[in-house]
Amino acid sequence: PDQMPIIPIHGDMTPWNIYVDENERLVLSSFERAGWHVPFYDVFHFYLQPQALLGRSSQSVRKLLNDLPWGTFYPWLEQALVLYLIDQLCCDLSDHYDKQYNDPWLLSMIHKKEKWLAEMLA
């Protein structure tokens, strides 16, 4: 805790949970995973969730951080990314086994993401 701060997060910051209302204000939706977590959690999620759901080729954590413009700025950023990835794997596996997904397309997306996360953490 004295090395890495914990901050409030949205928890599911993705392009499909952000929209502009009739007054041209930016609105966030889907707060069921809001809480406290490591900094950059929402940034990681916004950037990585679409890649994971599409099953795009994964890369190592270090390579991913090197590709981000601020990837080496914070000494604890690699640990924050690993904690984010572990959290995502746990949340998705929990959702997968707690909920009955009858949609084959959604189930295939979840399997792609599980595989992607496992490769990232390997």
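The values are calculated or read from the model by the stated rules, or taken from the named source; none is laboratory data. Note that the structure is a prediction, hence the values are computed from the model and not measured. A quick note on method: Cβ atoms are made from the backbone with ideal geometry, for glycine too, and the neighbour counts reach across all protein chains shown. Side chains are part of the model used for accessible areas, which takes the heavy atoms of the whole protein and leaves out ligands, DNA and RNA. Shrake-Rupley method; radii C 1.70, N 1.55, O 1.52, S 1.80 Å.
Please compute, over every Cα-Cα pair in the chain, the percentage with a separation greater than 25 angstrom.
Of the Cα pairs, 27 percent sit more than 25 Å apart.
Residue separation times 0.36 nm, minus the C-alpha to C-alpha distance between residue 83 and residue 4: what's the value?
27.3 nm
Determine the sum of side-chain charges near residue 11: Lys and Arg each +1, Asp and Glu each -1, restricted to other residues whose C-beta is under 10 angstrom from that of residue 11.
Summing Lys and Arg as +1 and Asp and Glu as -1 gives -3.
Could you grab the relative contact order for the chain? Cα pairs under 8 Å, six or more apart, rounded to a whole percent.
Relative CO of the chain lands at 27 percent.
Rounded to a whole number, what % of the accessible area of the chain do carbon and sulfur atoms account for, probe 1.4 Å?
C and S fraction of accessible area: 59 percent.
Counting only the heavy atoms of the protein chains, how much of residue 37 is accessible to a 1.4 Å probe, in Å² to the nearest 10?
40
Averaged per residue, what accessible surface does the chain expose to a 1.4 Å probe, in Å²?
Result: 63 Å² of accessible area for each residue.
Given the Cα-Cα distance of residue 23 and residue 121 and 0.36 nm per residue of separation, how much length would full extension add, in nm?
Computed gain between residue 23 and residue 121 is 31.1 nm.
Anything in the chain that counts as a DSSP H helix reaching 27 Å or more along its axis (C-alpha) with Kyte-Doolittle mean of at least -0.5? List them, would you?
Qualifying helices, which must be both long enough and hydrophobic enough, are 77-98.
Mind ordering 79-90, 19-30 by average Cβ neighbours within 10 Å, highest first?
79-90, 19-30
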